[in-house]
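All remarks here apply to the structure that follows.
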Amino acid sequence: MIGLSETPERYEKLGFTAGRMAAGMRKFEQRFGMPFGGGVKPRLAASSRSCRAVIAAREESPELGYAALRALQIMQFTTAGLLDDDNALRGALEAVDGLDAAAAVARIDDPEVVAIYEEDKTRTRSAHGRPTHVQNRHSDSDGPVRYTAPTVIFEMPDGRWLEVGGFQPFESYDNALANLDPSLERRPTPDRAAEAVLAYPIGLTTAEVAAIMRGSDLEDADLPAAERELIAAVDDGELVGIPAGTDALWRPASAVAAEPGALSAAA
């Protein structure tokens, strides 16, 4: 967790407003096709408490940590919810199967969680001289040369590692994995868009499904085609589309049905 801000004042000093932040999201939506809400947040919000909520979930298991991060991403980018509002955090985390949302939020100020958070912050600010720095895909907005949120560092048990800094095309990650572990099995492109969602019960957006459906690196992701297939799968009862900003989170109907109250939010 990077921990970009402990208080909203940091953003205010940089000249940000809730409106400016909302306008900036349009660039990401247009470039990547991921879902974003169209509204303006009631105010600026710091990220620290949400980072620590993710760590609290991650301490339960890596899988719950990832699911918590994704739930808070969806809340942040598609709703009016604020990352420093404990009620908003709790509500978003209640969608994570197997996580005690109230307990995770209650641990935000736990000294153990705070200590891990500080370790995370330090590590994210250790990009000086590393490949991400060399490629100029780092940030120094708060002092030390740090990694930006899209950065992925792949590490192997034997100490080998590769990092893919900042926003990069899919092939960069593909190349890193293939070089680190040639024994990995490559899954073929699914015959149907629904198959991609069934493989990821936590849910996928249309852009993610479209990326998976690419037959080769010579083909562009076809979001409209993927969406048509996904809608048909919802009509057949195989999937559920849960509205999320300008898009939907597509999930297996069987996984949603197993979660009390989840179907009431599905479309």
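The values are calculated or read from the model by the stated rules, or taken from the named source; none is laboratory data. None of the values given here were measured: they were computed from a predicted structure. Cβ atoms come from the backbone with ideal geometry, glycine included; neighbour counts cover every protein chain shown. Areas reflect the complete protein model, heavy atoms only, side chains present, ligands, DNA and RNA absent. Shrake-Rupley method; radii C 1.70, N 1.55, O 1.52, S 1.80 Å.
For the reader, a short list of remarks on this structure follows.
- Single residue of the stretch 1-47 satisfying the filter (among the acidic types (D, E) and out of contact with any Leu (no Cβ under 7 Å at 6 or more places or on another chain)) that is surrounded by the most Cβ atoms within 10 Å (Cβ to Cβ): E29
- Once the stretch 128-144 is narrowed to residues that are farther than 11 Å from G165 by Cβ and at pLDDT 95 or above, the residue that is surrounded by the most Cβ atoms within 10 Å (Cβ to Cβ) is H128.
- Residue match in the stretch 142-149 (condition: in a loop (DSSP other than H, G, I, E, B) and under 28 Å from W250 (Cα atoms)): yes
- When we screen L177, L184 for residues that are in a helix (DSSP H, G or I), without any contact (Cβ under 8 Å) to a residue 60 or more places away in the chain and closer than 30 Å to A127 by Cα, the only hit is L177.
- Any hit, the stretch 208-224, residues being in a loop (DSSP other than H, G, I, E, B), open to solvent by less than 30 Å² (accessible area, probe 1.4 Å), of a type in the set (V, I, T) and out of contact with any Pro (no Cβ under 6 Å at 6 or more places or on another chain): no
- Selection from the stretch 45-59 of residues that are in contact (Cβ under 8 Å) with a residue 40 or more places away in the chain and either outside any loop (DSSP other than H, G, I, E, B) or under 13 Å from the mean Cα position of the chain (by Cα) (or both): S48, R49, C51, R52, A53, V54, I55, A56, A57, E59
- Any hit, the stretch 234-242, residues being open to solvent by 30 Å² or more (accessible area, probe 1.4 Å) and closer than 20 Å to A67 by Cα: yes
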